[in-house]
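Asks: Dumping the structure here so I can ask a few things about it.
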Amino acid sequence: MTDRSLAALGLDGVPAKEPLTYPGRPTTEPSLLTGHELLPLGVRPRRLGEWSVVEEAPGQSLDDVLGELGQAPTGRRHPVISVGSNASPGQVSHKLTRLGIPAAVPMVPVRVWGIGVGCSGHISPAGYVAGTPYVDQGAETVLVVTWLDSTQLKAVDDTEFPDYRRAILPGDAFRMTMPSGERLSGAYIYFSAHGVLAGPDGTPRPGGGDQAELLADLLAASARLRELLGPDPRTWVARAGADRSLREEGTAVFGREGWVLPQTDFLPYLDDSAELRLYDDLPPLGDSLRS
């Protein structure tokens with residue numbers, strides 16, 4: 001059997017521990033994360049739970065394997081669009097296993113329309129400048145969707161709040177197409193409560209790229225940041241990651257430099273319901289799964 005450990009696949013990096021590696025390496029194929037392994041999924045023109053787990057017994061479905069692991073089936077999970085390190089199996093495994101929560105998580109690259117990836121207008125607790133989605137009706141992007149059970153979602157919530165807020169995007173406004181052809185009718189997404197960093201041209205600065213290059217660009221553009229966190233990206237993450245007051249002051253500098261664009265487009269989709277939507281509650285749009 002092929003070694004599917006995260007280490008063997010080069011996907012074991014944890015940006016929370018190595019800030020300059022943010023956002024980490026995402027999964028590029030439909031997969032099931034099981035702790036420190038990543039098993040490939042065989043795509044079928046059916047709902048996710050009926051896809052096969054390739055490394056398991058022939059014909060064994062994803063829901064069957066989750067059941068054998070004592071974990072919730074896909075229909076009882078919440079689809080969450082991952083922007084940034086939550087698309088990285090190493091980071092997801094770290095977030096969950098450090099809390100003693102089983103890291104059994106289906107992870108599927110999904111083609112999404114209407115969402116751009118930018119940089120949040122704040123400095124994260126690890127010292128890096130994290131990614132955030134923003135509405136861009138002309139964008140077409142492949143983003144990883146994770147299917148989290150209620151315990152896992154609560155754990156991820158705790159790592160995102162209060163710097164991020166959670167919205168549920170409707171599939172009729174933001175097209176989301178699975179590799180199976182299924183059009184998701186909805187999925188959760190976290191967006192920054194601090195706004196989006198603008199680039200020199202006043203539009204959102206692209207996120208998800210090389211963190212060291214991003215920090216170097218920000219340092220070059222601001223004498224205030226160089227004095228506070230400079231002279232280089234390695235010094236930035238070391239100092240910011242160790243001192244909350246420096247992170248807060250650096251975040252304030254973003255605003256004083258006039259770099260922060262407000263995030264308002266997701267507000268109509270804020271998730272304030274006490275009952276979280278499940279994959280079972282979100283049937284495919286139209287006839288997207290008919291053969």
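The values are calculated or read from the model by the stated rules, or taken from the named source; none is laboratory data. Everything quoted here is computed from the prediction, not taken from an experiment. Note that each Cβ is placed from the backbone with ideal geometry, even for glycine, and that neighbours are counted across all protein chains shown. Areas reflect the complete protein model, heavy atoms only, side chains present, ligands, DNA and RNA absent. Shrake-Rupley method; radii C 1.70, N 1.55, O 1.52, S 1.80 Å.
Asks: What value, in deg cm²/dmol to 500, does the helix sum -39500 (n - 2.57) over DSSP H runs of n ≥ 4 give at 222 nm once divided by the residues of the chain? Show your work: numbers first, answer last.
Replies: Numbers: 8 runs with 72 residues, N = 291.
The per-residue figure over the chain is -7000 deg cm²/dmol.
Asks: Calculate the spin-label point distance for ILE101 paired with GLU213, positioning each point 7 Å from the Cα along the beta-carbon direction, and give it in nanometres.
Replies: 3.3 nm
Asks: Follow-up. Which value, in Å², gives the accessible area per residue of region 51-115 when a 1.4 Å probe is used on the protein heavy atoms?
Replies: About 32 Å² of surface per residue is accessible.
Asks: Distance from a point 7 Å along Cα→Cβ of ASP271 to each backbone N in region 81-112: keep the residues under 14 Å and list them by number.
Replies: Answer for region 81-112: 81-83.
Asks: Give me a comma-separated list of calculated 3J(HN,Hα) values for region 153-163, in order, Karplus coefficients 6.51, -1.76, 1.60 applied at θ = phi - 60°, integers in Hz, x for any Gly or Pro.
Replies: 4, 4, 5, 5, 3, 5, 7, 9, 6, x, 6
Asks: Counting pairwise Cα distances across the chain, what percent come out greater than 24 angstrom?
Replies: When all Cα pairs of the chain are counted, 50 percent exceed 24 Å.
Asks: Stretched out fully, how many nm does the piece from SER150 to GLU18 gain, at 0.36 nm a residue minus the Cα gap?
Replies: Result for the pair: 44.7 nm of gain on full extension.
Asks: Which whole number of Å³ per residue matches the convex hull of the alpha-carbon atoms in region 176-291?
Replies: Once divided by residue count, the hull of region 176-291 is 171 Å³.
Asks: Find the relative contact order for region 88-212 and round it to a whole percent, using C-alpha pairs within less than 8 Å whose residues are 6+ positions apart. Can you show the working numbers first?
Replies: Details: 208 pairs, mean separation 38.2, N = 125.
It comes to 31 percent, rounded to a whole number.
Asks: Run the numbers on region 155-291 and let me know its relative contact order in percent, using alpha-carbon pairs under 8 Å that are six or more apart. Kindly include the intermediate steps, with their values, before the conclusion.
Replies: Working: 147 pairs, mean separation 44.3, N = 137.
Relative CO of region 155-291 lands at 32 percent.
Asks: Over the chain, what is the relative contact order in whole percent, taking alpha-carbon pairs under 8 Å and six or more residues apart?
Replies: Across the chain, relative contact order equals 22 percent.
Asks: For labels at ARG175 and THR264 in the simple 7 Å Cα→Cβ model, what's the distance in nm?
Replies: Taking the simple label geometry, ARG175 and THR264 are separated by 2.8 nm.
Asks: Where does the Debye-calculated log10 I(q)/I(0) of region 215-272 sit at q = 0.26, 0.30 Å⁻¹, using only Cα point scatterers of equal weight, no solvent?
Replies: -1.00, -1.23
Asks: Along Cα→Cβ, 7 Å out, is where each label goes; now give me the distance between the ones at ARG46 and THR2 in nm to one decimal.
Replies: Going from the ARG46 label point to the THR2 one covers 2.2 nm.
Asks: Here is a follow-up. Return the FRET efficiency for the residue pair THR235, ALA139: r is the Cβ-Cβ distance, R0 is 25 Å, and the value is rounded to the nearest 0.05. Numbers along the way, then the final one.
Replies: On the way: r = 34 Å, r/R0 = 1.35.
So, using R0 = 25 Å, E works out to roughly 0.15.
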